[in-house]
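Step one of this worksheet: look at the structure below.
The values are calculated or read from the model by the stated rules, or taken from the named source; none is laboratory data. Please read these numbers as outputs of a predicted model, since none were measured by experiment. Positions of Cβ are generated from backbone atoms using ideal geometry, with glycine treated the same way; all protein chains shown enter the neighbour counts.
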Amino acid sequence: MKRRQLLAAGCAHCAALGLLGAGRAAAQAGGVEWAMPQRFARPEIASDEGGLWAMMDREETRLRRSPFVMRDPALRQYLQGIACKLGGSHCQDTRVYPVRTPFFNASMAPNGMMQVWSGLLLRVENEAQLAGVIGHELGHYLQRHLLERLRDLKARSAFGAFMSMFGLAGLVVQMASLAGAFAFSRDHEREADRIGLALMRQAGYDPREAAKVWANLLDEMKATPGGDPSKTSPLFATHPASEERSQTLAALAEGGSGFLGEAEYVARIAPFLTDLLDDELARGQHGETLILLDRMVARRPEGSDLLFYRAETRRLRDAEGDADAALADLHAAIRIGGEPARSHRALGYIHRQRGQTDEARAAFTRYVERAPGAPDVDLIRSYLAEPGTARNDPATS
Ligand SMILES: [Zn+2]
């Protein structure tokens, strides 16, 4: 496994890995022998596929310039490396773009442009789970499902909408309405699942992790009873998921084992975690966010940052019992140490709401000390100056 990791680490030029992949192109895909196809030649521009590629190329140019693309070279190289471990010679035709938008989504266009959205990066727990999603997308790409779908559609008027599947953030609402028209068929989904598992196996990843991604996502979706998951998860809009799917994936992977890459993954994502959690909080789906954070806290109980975010989510939701639970998390975060300065602001707000002026004052004062340059420091100082809260303290008036 070490050797494979080292190879991937040097995967800026993936041709060498591509050659490696070619030697073990045939793989078991759910009991069916499946051979990885040769690299796809660029289609004739006059053909329907050629037209599709040209449009995807234009989308990709737009994407490259977009402020949403995460430009960190180490992150991009890491994601590209995973696509290369899985995709063999197709790695040379695959370009992975991490996109900062707080929804769970990945897509791959027929011209080789792959997007991995940051809501997905926040949710997967290790490299193997990420490989499960990337492998699934590669499965659609390798079997040219989108092209088939396009030919099925034949509705020219829908073509623009079809293209927008590969556009950027802002199309999430649109995604839901597109789900009916552009969701992959069950057969295509099954095929992509099986190929994804086969690619994971041959790259040495633990195939059992693929099912966990879907199971975790389904858990989150249950936080909104009666809700339409495709509205908050673009991936659900185009890749219909179900308990049955997660169970089938688990059954197909049974008895498998392999590389998890949890420490590697956690280290890669750590520099972005605060931004991604802020984005997640701003999404305003507090029930889903709490299920995610419960899962993250269970994996890293000493994470004072995670405890702060869980407390903040509860404080903002403010359902029955939320304030008490938030207080418990905030006190735990402060006890552990290294808590974000905003922990003290949250504490101040909860005490203020309860009319506990001394506690509110102490917490707000601590926040102002810890984050003197924060954009809301003047607002917090104004709370300290409120009658009944402030007591002639020159340091805060
Ligand atoms: Zn799919």
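Taking the stated definitions as given, is residue 348 surrounded by fewer than 18 Cβ atoms within 10 Å (Cβ to Cβ), under 22 Å from residue 277 (Cβ atoms) and at pLDDT 95 or above?
When the stated conditions are applied, residue 348 does not pass them.
What number of residues in the range 80-102 are under 16 Å from the mean Cα position of the chain (by Cα) and touching a residue at least 40 places away in the same chain (Cβ under 8 Å)?
Result for the range 80-102: 7.
Filter the range 124-148 for residues that are among the acidic types (Asp, Glu) and free of Cβ contacts under 8 Å to residues at least 60 places away in the same chain and give the result.
137, 148
Which condition does residue 362 not pass, out of (1) more than 21 Å from residue 273 (Cβ to Cβ); (2) crowded, with 19+ Cβ neighbours inside 10 Å, if it passes all the others?
The single condition residue 362 does not satisfy is (2).
Looking only at the range 183-194, which residues are crowded, with 21+ Cβ neighbours inside 10 Å and near the ligand (Cβ under 10 Å from one of its atoms)?
Listed by number, the residues that qualify are 189, 191, 192, 193.
What about residue 332, is it crowded, with 18+ Cβ neighbours inside 10 Å and in contact (Cβ under 8 Å) with a residue 24 or more places away in the chain?
Here the answer is yes, as residue 332 does meet what is asked.
Where in the range 48-144 are there helices (runs of 4 or more DSSP H), lying wholly inside it, with at least 1 residues that are aliphatic (A, V, I, L, M) and within 16 Å of the ligand (Cβ to nearest atom)?
Qualifying helices (runs of 4 or more DSSP H): 73-87, 118-123, 127-142.
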